[in-house]
Structure formats: C-alpha cells, structure tokens
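Handing you this structure, nothing more for now.
The values are calculated or read from the model by the stated rules, or taken from the named source; none is laboratory data. Every value quoted in this text rests on a predicted model; they were computed, and no experiment measured them. All Cβ positions, glycine included, derive from the backbone under ideal geometry; neighbour counts span all protein chains shown. When the accessible area is computed, the model is the full protein with side chains, heavy atoms only, and any ligands, DNA or RNA have been set aside. Shrake-Rupley method; radii C 1.70, N 1.55, O 1.52, S 1.80 Å.
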Amino acid sequence: MKIRVWDIPTRLFHWMLVAAYAGAFFTSESEWFLEYHTIAGYIILGLVTFRVLWGFTGNRYSRFGDFVKGFKEVGSFVKEAVRLKPPRYLGHNPAVGWVVVFMLVLTIVIVFTGIATYGGEENRGALAGVISFEAANAARKVHLILADIAIAAIITHICAALFHDFVLKENIILSMITGTKEDPESWSERVEHLKPEDAPSAARLAVWIVVTVLGGFALIYLPPEGRGAFTGRETVQVLDDLGFAVLLKPDPVWKDECATSCHSGFHPTLLPAASWEKIMGSLQDHYGEDVSLDDASRAEILKFLLSASAERSTTEASRKILNSIPKDRVESRITEVPYWVAKHEDIKEEVFKRKSVMSKSNCVACHPGAEAGSFEDKDIRIPG
Ligand code: HEC
C-alpha cells in the first residue's frame, strides 16, 4: 500500500528549487549572464520564503514540527544509520531535518549577499545605492564561499539519496516525484530480508561520502580545462564582417607599435570605432607626443582596431562602455569614458599613485588580463 507523504506544493518546491539552483549555477561564471543569475536568485528567494511558510502550514510531513528533532534523536538516528539499520521515518529523518533547515538558512544568506553584491557593485537591484563598494566586495566573497558550501551540501544530499536508494533499498527520489511511500508493514517485511551482516562499517560509509563529495567537486572544477572552458572566459571574441563571433588575433604591427614600444596596448574592444579613427587620425599629437607612423603601418593598425572596436566585441565591458558614451561625443581617453569613471570612482587617488600602479592607464596593474581584453571582476587585484 502507498502512503501519500509529500504534498504537491512540497514536491513542486523541491524540483523548482533544483531548477533555479541549476540556473543560478550555470549563469554564475560570466558577468554576461548576470541578469539571468539575478532572476534565478530572486526566484530562489521566493521559493524559500514559500517553503518556510509551508513549514508551518503544509501537510503533516512538510511541517518543521514533523522533522526538526532534538539532538538526542538525531544522535541515535545517526548511530543506527552508520550500522545501516536506521529507523524508518516516513517524512524527513532527524538528520535530514536539520539539513533542510541548514539549506534554507544557507540559501537565504546566499541570496542576500548576492543582492548586496549586485547593489554595491552594479548599482542595481533592491539594495542599489545603499551598499558601499567595499561592503559589496565583502558580500561577494561571502556569497562565493557559501555558494561552494551549498554545492557541497547538494552533492552530499544527492549522495545520501542514492545511498538510501541503493543501500537501504528505498527509492526516496521517486517518492519526491510521486509523493508516495511504501507503508510501514510492507516496508519492514521487505527489508527484513536484507542481511545485517552486509552492513559495512562506519569507516566505509565515511569513505563513500568523502569519495562522492570530492568526485562531485572534481566534476565541476576539473575537466577538461576547468570551468572557464564552459564560458570561454579567457578568449575575447569579436564579430567578423558577417556577424559571426571569431577569436581576436592581435595584429603584429599593432603589437609592435602600440603594445610594446611605449605602453601596454589598450585593448581595441575598449573604445568605439569613432574614437579609434580620431586617435589614429591625430598621431602627430598623441596625448602631447608626436608618434606619427608611416601610412602603411597606420592603416594596418587602424584596420585592426576597427575590426575589434567596442561595437564588434562580445564582452560585457564593451557593451557597457558603448552604452555609457553619449551619442554626440567621441572619447579619446578610455579613462574618461563614463562607464570607466563610474567603475573606478571608488578607488582612491592614492591607489593610482602607488609605485605598483603609477597611473590610471596602467590597466594591467589591477587587471592581469587587460592586454587580452579581459576585465573579469574575479581577476581584479589591487597591488599594495
Ligand atoms: C588601481 C587599480 C585599477 C586600475 C589601474 C584600473 N582598474 Fe579597472 N577596475 C578596478 C576595480 C577595483 C574594478 C571593479 C570595480 C567594480 O566592480 O565596481 C575595475 C573595473 C573595471 C571594469 C569593469 C569590469 C566589468 O565587470 O565590466 C573595466 C572594463 C575596467 N576596470 C577597465 C579598466 C581599464 C581599461 C583600465 C586602464 C585604462 C583600468 N581598468 C585600470 C581597478 C583598476
């Protein structure tokens, strides 16, 4: 006989949370997906709020009162579980009960540190204008650490469910879909035939958990080239004449004349085409210096710059740079582009004067990937 254990709202909550977490995970690597990441976060907040309320008003098995138990009961459950003979609970068992509470609290903190980061660093969302840049930076660190802890908790949770399915012979994953479980009599009738001497030691259980958790992390972080491979973060792409994204190959003359001889080259994706035309059209007065080139070199460099100007770039920085420049203005300094100014105004003048930085235009001092056109938030480091 089947007993209805999980009501429909609880099951819907569970699987929608899985989907929203997956969405948040896959949009977390690149700023390009930040908007979608934020949407996932707000959906998660809504789901969790619902679950907390449902924990007081839902059916019997969905209530906190049913599964949040004292430490004595948790302890004795764990002891029995290690011997592979845990007492059966129709709802959440006492150990999982606390995991549920932990996950709910963890998720709420993750969402709020996310909103704080979004507010302080992007000036958007519920906390825009309220959170300082420094606080947002701290919030982001917490957000990242807790997200990793959540991943570990999810992996452990999946391991525990599989363990339940394969070792304790009860398909609890299926029951989270159908909502039903076997009644106590037929269950005990069935498991009686499982031999107790099959029970592995606590050590084996611990090894099982460690191996699966590490395995899960390895899956996420290692092959084939780390998570960067997923978003192609390191490679700046530009659109060719037909509008296809292609890898940008630095032009040798540009490299020679602009990126090595005088300064580290400003990446072409940092300014719109009109700016590059203006800059390349006035080389006899290049920020106070005469850096005139022969016509052939000048033409080649300009062609390269135009092939990868901000309009052609697929990076978020380029898009925001373009959006920030008023239509009738042609910027000739990256450091005067409104988006650049907005992103760096919280950095004190003293920082730019440090020996390790020297000037605002020494981008590579703080952005290690600057020469390749990468300004990823996570790579930024301000030298002391
Ligand atoms: C003193 C260190 C420092 C220098 C020098 C510096 N930056 Fe930054 N930059 C930062 C910091 C810190 C941020 C993060 C600001 C934020 O997220 O609100 C940032 C953010 C950015 C961003 C936004 C990243 C994004 O997510 O889109 C871009 C683009 C950028 N910098 C470009 C440049 C360029 C181009 C130069 C050189 C002309 C430069 N920066 C010089 C520290 C620096």
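So, of the residues in region 237-255 that are modelled with pLDDT of 80 or more and open to solvent by 100 Å² or more (accessible area, probe 1.4 Å), which turns out to be nearest to the chain's Cα centre (by Cα)?
Going through the qualifying residues, I end up with Lys249.
Suppose we keep only residues that are out of contact with any strand residue (DSSP E or B) (no Cβ under 7 Å at 6 or more places or on another chain) and of a type in the set (Lys, Arg) within region 275-313. Which one would you say is least open to solvent (accessible area, probe 1.4 Å)?
Result: Arg298.
Hey, another quick one. Take Ile115 and decide whether it is more than 30 Å from Ala342 (Cα to Cα), out of contact with any helix residue (DSSP H, G or I) (no Cβ under 6 Å at 6 or more places or on another chain) and part of a helix (DSSP H, G or I).
Values: more than 30 Å from Ala342 (Cα to Cα): no; out of contact with any helix residue (DSSP H, G or I) (no Cβ under 6 Å at 6 or more places or on another chain): yes; part of a helix (DSSP H, G or I): yes.
No; evaluated as a whole, the condition is false for this residue.
For region 238-286, enumerate the residues that are assigned to a loop (DSSP other than H, G, I, E, B) and polar (S, T, N, Q). Give the derivation first.
First pass over region 238-286, keeping only residues assigned to a loop (DSSP other than H, G, I, E, B): 240-244, 248-251, 261-267, 271-272, 281-282.
Answer for region 238-286, where residues must be assigned to a loop (DSSP other than H, G, I, E, B) and polar (S, T, N, Q): Ser261, Ser264, Ser282.
Please identify the pairs in which a residue from region 364-381 that is closer than 19 Å to Arg319 by Cβ and among the acidic types (Asp, Glu) has its Cβ atom under 6 Å from the Cβ atom of a residue that is more than 8 Å from the ligand (Cβ to nearest atom) and open to solvent by less than 40 Å² (accessible area, probe 1.4 Å), counting only partners at least 6 apart or on another chain.
If the second residue must be more than 8 Å from the ligand (Cβ to nearest atom) and open to solvent by less than 40 Å² (accessible area, probe 1.4 Å), the pairs left are Asp379/Gly369.
Are any of the residues in region 109-124 closer than 30 Å to Glu189 by Cα, away from the ligand (no atom under 16 Å from the Cβ) and touching a Leu at 6+ places or on another chain (Cβ under 9 Å)?
Scanning region 109-124, I find no residue that is closer than 30 Å to Glu189 by Cα, away from the ligand (no atom under 16 Å from the Cβ) and touching a Leu at 6+ places or on another chain (Cβ under 9 Å), so the answer is no.
Do you know which residues across region 356-384 are over 14 Å from His263 (Cβ atoms) and in contact with a Gly (Cβ under 8 Å, 6 or more places away or on another chain)?
Once the filter is applied, which keeps residues that are over 14 Å from His263 (Cβ atoms) and in contact with a Gly (Cβ under 8 Å, 6 or more places away or on another chain), region 356-384 yields Ser356, Phe375, Glu376, Asp379.
Looking at Glu316, Glu349, Glu336, which one is surrounded by fewer than 17 Cβ atoms within 10 Å (Cβ to Cβ), free of Cβ contacts under 8 Å to residues at least 24 places away in the same chain and closer than 18 Å to Ile380 by Cα? Show your work before the answer.
Values: Glu316 fails: free of Cβ contacts under 8 Å to residues at least 24 places away in the same chain; Glu336 fails: closer than 18 Å to Ile380 by Cα.
Only one candidate passes the filter, namely Glu349.
Regarding region 297-305, can at least one residue be identified that is assigned by TED's automatic domain parsing to the domain that holds Thr260 and not in a helix (DSSP H, G or I)?
Scanning region 297-305, I find no residue that is assigned by TED's automatic domain parsing to the domain that holds Thr260 and not in a helix (DSSP H, G or I), so the answer is no.
In region 14-49, what residues are more than 16 Å from the ligand (Cβ to nearest atom), within 15 Å of Ile108 (Cα to Cα) and crowded, with 17+ Cβ neighbours inside 10 Å?
Listed by number, the residues that qualify are Leu17, Ala20, Tyr21, Ala24, Ala40, Gly41, Ile43, Ile44, Leu45, Leu47, Val48.
Still on this structure, please answer the following. Do we have any residue at all in region 125-139 that's in contact with a Phe, Trp or Tyr (Cβ under 6 Å, 6 or more places away or on another chain), at pLDDT below 90 and open to solvent by 30 Å² or more (accessible area, probe 1.4 Å)?
Yes, there is a match, as at least one residue in region 125-139 is in contact with a Phe, Trp or Tyr (Cβ under 6 Å, 6 or more places away or on another chain), at pLDDT below 90 and open to solvent by 30 Å² or more (accessible area, probe 1.4 Å).
How many residues does region 161-177 hold that are of a type in the set (A, V, I, L, M), assigned to a helix (DSSP H, G or I), in contact (Cβ under 8 Å) with a residue 60 or more places away in the chain and open to solvent by less than 50 Å² (accessible area, probe 1.4 Å)?
1
Every residue, every condition in (1) at pLDDT 95 or above; (2) part of a helix (DSSP H, G or I); (3) more than 29 Å from His143 (Cα to Cα); (4) under 27 Å from the mean Cα position of the chain (by Cα), yes or no:
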position: Trp32; (1), (2), (3), (4): no, yes, no, yes
position: Glu35; (1), (2), (3), (4): no, yes, no, yes
position: Ile39; (1), (2), (3), (4): no, yes, no, yes
position: Ile44; (1), (2), (3), (4): yes, yes, no, yes
position: Asp66; (1), (2), (3), (4): no, yes, yes, no
position: Phe77; (1), (2), (3), (4): no, yes, yes, no
position: Ala95; (1), (2), (3), (4): no, yes, no, no
position: Trp98; (1), (2), (3), (4): no, yes, no, yes
